[in-house]
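Enquirer: Structure below; questions to follow.
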Amino acid sequence: MDKHAAPSNGSRQADQIPTDLLTKIDEAVTHYPVSKRSASLPLLHLWQNHFGFVDDSGINWIANRLELQPINILELVTFYPWFRQQAAGKVCIRVCRTLPCALAGSYEVRDAFCKAAGIDPNAPPHGHSPPVSADGKFSVEFVECLASCGSAPVALVNDDLLEDITPEGTAVILSQYN
Amino acid sequence: MKSLLLPPHPKERRIVFKNAWTQGYTPDIDCYVKNGGYAELKKALSMKPEEIIDEVKKANLRGRGGAGFPCGVKWGFIRRDDGKPHYITCNGDESEPGTFKDRYILHNDPHQLIEGMAIAAFALNVNLAYIYIRCEFPKAAAIVAKAIEEAKAKGFLGKNICGSGFDVDIYVHQGAGAYICGEETSLIESLEGKRPYPRIKPPYFPAVLGLYMSPTIVNNVETFCHVKQIFKIGSDEYAKMGTPGDGGTRVMCVSGDVMRPGPYEIPAGGVTLGELINDVCGGMKPGRKLKAIIPGGSSSKILRAGETFKMKVKGPDGEMIEKEVPLLDLVMDSSTLAAAGSMMGSGGVIVMDDSRNMLWALNNLNTFYAHESCGQCTPCREGVLWIDKMTTRMVNGEGIAQDPATLKNVADNIAGRTVCAFGEAASWPVQSFLEKFPEEFQVASN
């Protein structure tokens, strides 16, 4: 599997599943009475929301839970941009890159977020491993259209949509999530 | 989420956005029911399913996702009594650049969507439905899931809804950051837990072979909300609001270089492009002039300020005559924009002023399509990457003289050669930017 996957302190995620995550997983599977395979994305979301990313043990565990082959889950993790095989920052900053936001200055906003978080803005913009600050606190990456073009430029900071962001305002935003 | 609590512009008529923009309106079921919510579901449950579909047909409701297919006709493809399970899925994977209406409905008025879907479920004999919401709307997914629980507790969803003997369950399904999932067959693959490679049509028309290979109707969030409104307003009144063949209102999302970008709900054909930009949106920024308009989401063909279009319009004696229509006099409806060589699409209008470089703007879109191609079809997988590489090189000042011709050649060889419409969506910007702004793509001979 991904040879670049970050070691998670040598421990496997599948050995640390808390009861409440199991309960949520069981509940999610009931939403798909026709085919358990449909629960693949929901389970990956629950897993990533809890652990921050999905390691090999997670892929195997989810496949086993849904009576699938590991490749059926791995191919989703590698296709869908949202899923990660490595940890992002504790505060995950996703700046919208696409045209209406770019017209409103999203490249400058992304650069300002990087600067404020101490991240190299020239790191690869897309992919499964966004650049993370040295202390692990922040990751900053471009994503494609976040569907809020009327209040561009926008960013998704963890679950919060922030609108009309200015480069000058980025440091204050980071301090609020510190 | 920014709340634009401006009073409606005189050109606006807020129907699906009425509650979402009302001060003090809350997304819970008590507020919805207090404002007359779920009355239309009860009305529909007392009708015959065929009558419901007829109402939607009479209302001339067109799908609001982008393709603009007549909703009632789509529903008519489902045979209620074919003995197969039927499904509906709501497409809330809104990701077309320039389009931003779903979040307001999902956050502020989720029960309107649920009611519309419940009406559709009854009409189409559907007992299981999904709302596919892109995962970049995490709060929306939670709000809608809570609304579903509320509706279930009050007997509007679940077993024997409103004592009708009819059962329907709705669940939220979150996407995972892929634009392609907005394509309906891709959305279905994603809902089945697979890589979202679009299916080839025929035979995989969702109404025939959709979710789990059963008849399935996929409609946009806004479309389902309109279904509810048709039963509130009445199909005749609803149809009258729009143009013949394009009933009701539609949300137009204006972004880019205008004074007041935002989503505006306007009767179909109710404004011209000029009225929308200069009147509703307050015009261009001070000292700036209009340069270009992308009228229906990033995939629609770009229009250039100052251009005119030969159109068939009604003359003084009522017969159709040909006339030169300036860009800003184009009426915002499906047929006019199609006649102008572009499309109404998803209703996302991106406006650019004279400070903008068209090569830079096209490159931005090319990067989007290069990132979002699912990779199933070779012309698209390879072509959009080359297009993006070429315009990136040109933006960096390393273009060569034959680049514009090569760009066009690659785009021409993607469109029409792929399983889904993504091929066209990625090619049309390239073709139209080159055609409308050739001078900005010229590279000095070297």
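To keep it simple, each residue is scored yes or no on (1) of a type outside the set (Ser, Thr, Tyr); (2) touching a residue at least 40 places away in the same chain (Cβ under 8 Å); (3) away from every other protein chain (no Cβ under 14 Å); (4) part of a loop (DSSP other than H, G, I, E, B).
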{"site": "B:Pro379", "(1), (2), (3), (4)": "yes, yes, yes, no"}
{"site": "B:Thr392", "(1), (2), (3), (4)": "no, no, no, no"}
{"site": "B:Gly399", "(1), (2), (3), (4)": "yes, yes, yes, yes"}
{"site": "B:Pro404", "(1), (2), (3), (4)": "yes, no, yes, no"}
{"site": "B:Ala411", "(1), (2), (3), (4)": "yes, no, yes, no"}
{"site": "B:Thr418", "(1), (2), (3), (4)": "no, yes, yes, yes"}
{"site": "B:Glu435", "(1), (2), (3), (4)": "yes, no, yes, no"}
{"site": "B:Val443", "(1), (2), (3), (4)": "yes, yes, yes, yes"}
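Enquirer: Among the candidates B:Gly76, B:Gly68, single out the residue that is open to solvent by less than 30 Å² (accessible area, probe 1.4 Å) and either under 25 Å from A:Cys101 (Cα atoms) or under 26 Å from the mean Cα position of the chain (by Cα) (or both).
Expert: One residue alone meets the criteria, B:Gly68.
Enquirer: Let me ask you something else. Quick check: is even one residue across segment B:34-53 of a type in the set (Ser, Thr, Tyr) and under 29 Å from A:Ser148 (Cβ atoms)?
Expert: No, the conditions are met nowhere in segment B:34-53.
Enquirer: Of a type in the set (Asp, Glu) and open to solvent by less than 20 Å² (accessible area, probe 1.4 Å): does that describe A:Glu141?
Expert: Yes: the conditions hold for A:Glu141.
Per-residue answers, yes or no, for (1) surrounded by fewer than 23 Cβ atoms within 10 Å (Cβ to Cβ); (2) not β-branched (Val, Ile, Thr):
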{"site": "B:Cys374", "(1), (2)": "no, yes"}
{"site": "B:Thr392", "(1), (2)": "yes, no"}
{"site": "B:Ala405", "(1), (2)": "yes, yes"}
{"site": "B:Lys408", "(1), (2)": "yes, yes"}
{"site": "B:Asp412", "(1), (2)": "yes, yes"}
{"site": "B:Ser432", "(1), (2)": "yes, yes"}
{"site": "B:Lys436", "(1), (2)": "yes, yes"}
{"site": "B:Glu440", "(1), (2)": "yes, yes"}
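Enquirer: Also: Can you name the residue in segment A:84-102 that is more than 9 Å from chain B (Cβ to nearest Cβ) and out of contact with any strand residue (DSSP E or B) (no Cβ under 8 Å at 6 or more places or on another chain) and is also nearest to B:Cys181 (Cα to Cα) among such residues?
Expert: That would be A:Arg84.
Enquirer: Take residues that are within 12 Å of chain A (Cβ to nearest Cβ) and tell me which of the helices (runs of 4 or more DSSP H) falling wholly in segment B:32-151 contain 2 or more.
Expert: Per the criteria, B:102-108.
Enquirer: Also, quick follow-up: Can you pull out the residues in segment A:11-27 that are of a type outside the set (Val, Ile, Thr) and not in a helix (DSSP H, G or I)?
Expert: Within segment A:11-27, A:Ser11, A:Arg12, A:Pro18 qualify.
Enquirer: When residues of segment B:314-340 are filtered for being of a type in the set (D, E, K, R) and in a strand (DSSP E or B), how many remain?
Expert: Of the residues in that region, 4 qualify.
Here's the yes/no breakdown for (1) within 30 Å of B:Asn364 (Cα to Cα); (2) among the polar types (S, T, N, Q); (3) touching a residue at least 24 places away in the same chain (Cβ under 8 Å):
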| residue | (1), (2), (3) |
| --- | --- |
| A:Asp15 | no, no, yes |
| A:Pro18 | no, no, yes |
| A:Glu27 | no, no, no |
| A:Leu41 | yes, no, yes |
| A:Leu46 | no, no, yes |
| A:Ile73 | no, no, yes |
| A:Lys90 | yes, no, yes |
| A:Arg94 | yes, no, yes |
| A:Val109 | yes, no, yes |
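Enquirer: Answer yes or no as to whether A:Pro121 is under 27 Å from B:Ile350 (Cβ atoms), without any contact (Cβ under 8 Å) to a residue 40 or more places away in the chain, surrounded by 13 or more Cβ atoms within 10 Å (Cβ to Cβ) and away from chain B (no Cβ under 12 Å).
Expert: yes
Enquirer: For segment B:270-279, state whether one or more residues are in contact (Cβ under 8 Å) with a residue 60 or more places away in the chain and at positive phi.
Expert: No; the residues of segment B:270-279 include none that is in contact (Cβ under 8 Å) with a residue 60 or more places away in the chain and at positive phi.
Enquirer: Among the residues of segment B:174-194, is any closer than 30 Å to B:Lys48 by Cβ, out of contact with any helix residue (DSSP H, G or I) (no Cβ under 7 Å at 6 or more places or on another chain), within 13 Å of chain A (Cβ to nearest Cβ) and not in a helix (DSSP H, G or I)?
Expert: Looking for residues that are closer than 30 Å to B:Lys48 by Cβ, out of contact with any helix residue (DSSP H, G or I) (no Cβ under 7 Å at 6 or more places or on another chain), within 13 Å of chain A (Cβ to nearest Cβ) and not in a helix (DSSP H, G or I), one finds none in segment B:174-194, hence no.
Enquirer: Here is a further query. Which residue out of B:Met343, B:Met311 is part of a strand (DSSP E or B), closer than 21 Å to B:Arg62 by Cβ and open to solvent by 10 Å² or more (accessible area, probe 1.4 Å)?
Expert: Only one candidate qualifies: B:Met311.
Enquirer: So B:Asp354 passes all but one of these: (1) farther than 30 Å from B:Pro203 by Cα; (2) crowded, with 20+ Cβ neighbours inside 10 Å; (3) of a type in the set (Asp, Glu). Which condition number does it fail?
Expert: (2)
Enquirer: In segment B:202-219, what residues are more than 13 Å from chain A (Cβ to nearest Cβ) and touching a residue at least 40 places away in the same chain (Cβ under 8 Å)?
Expert: Once the filter is applied, which keeps residues that are more than 13 Å from chain A (Cβ to nearest Cβ) and touching a residue at least 40 places away in the same chain (Cβ under 8 Å), segment B:202-219 yields B:Phe205, B:Ala207, B:Val208, B:Pro215, B:Ile217, B:Val218, B:Asn219.
Enquirer: Being within 14 Å of another protein chain (Cβ to nearest Cβ) and open to solvent by 10 Å² or more (accessible area, probe 1.4 Å) is the filter here; which residues of segment B:220-262 pass it?
Expert: Matches in segment B:220-262: B:Asn220, B:Gly256, B:Met259, B:Arg260, B:Pro261.
Enquirer: Test A:Asn178 against the criterion of being open to solvent by 50 Å² or more (accessible area, probe 1.4 Å), touching a residue at least 40 places away in the same chain (Cβ under 8 Å) and facing chain B (nearest Cβ under 9 Å), and give yes or no.
Expert: Criteria not met by A:Asn178.
Enquirer: Residues being more than 9 Å from chain B (Cβ to nearest Cβ), under 14 Å from the mean Cα position of the chain (by Cα) and either open to solvent by 10 Å² or more (accessible area, probe 1.4 Å) or not small (Gly, Ala, Ser) (or both): count how many of those fall in segment A:144-162.
Expert: 1
Enquirer: Over 17 Å from the mean Cα position of the chain (by Cα), more than 14 Å from chain B (Cβ to nearest Cβ), more than 26 Å from B:Cys253 (Cα to Cα) and open to solvent by less than 30 Å² (accessible area, probe 1.4 Å): which single residue out of A:Ala134, A:Ala116, A:Ala112 fits that description?
Expert: Sole residue among the options that is over 17 Å from the mean Cα position of the chain (by Cα), more than 14 Å from chain B (Cβ to nearest Cβ), more than 26 Å from B:Cys253 (Cα to Cα) and open to solvent by less than 30 Å² (accessible area, probe 1.4 Å): A:Ala112.
Enquirer: Could you please find all residues in segment A:49-83 being closer than 25 Å to B:Gln376 by Cβ, within 12 Å of another protein chain (Cβ to nearest Cβ) and assigned to a helix (DSSP H, G or I)?
Expert: If the condition is that a residue be closer than 25 Å to B:Gln376 by Cβ, within 12 Å of another protein chain (Cβ to nearest Cβ) and assigned to a helix (DSSP H, G or I), then A:Ile62, A:Ala63, A:Ile71, A:Asn72, A:Ile73, A:Leu74, A:Glu75, A:Leu76, A:Val77, A:Thr78, A:Phe79 are the ones that fit.
Enquirer: Could you count how many residues in segment A:127-178 are in contact with a strand residue (DSSP E or B) (Cβ under 7 Å, 6 or more places away or on another chain), over 27 Å from B:Tyr264 (Cβ atoms) and assigned to a helix (DSSP H, G or I)?
Expert: 2
The values are calculated or read from the model by the stated rules, or taken from the named source; none is laboratory data. It should be emphasised that the depicted structure is a prediction, and the values quoted were computed from it without experimental measurement. Here Cβ is always computed from backbone atoms with ideal geometry, including for glycine, and neighbour counts include all displayed protein chains. These area figures cover heavy atoms from the full protein model, side chains too; ligands, DNA and RNA do not enter into them. Shrake-Rupley method; radii C 1.70, N 1.55, O 1.52, S 1.80 Å.
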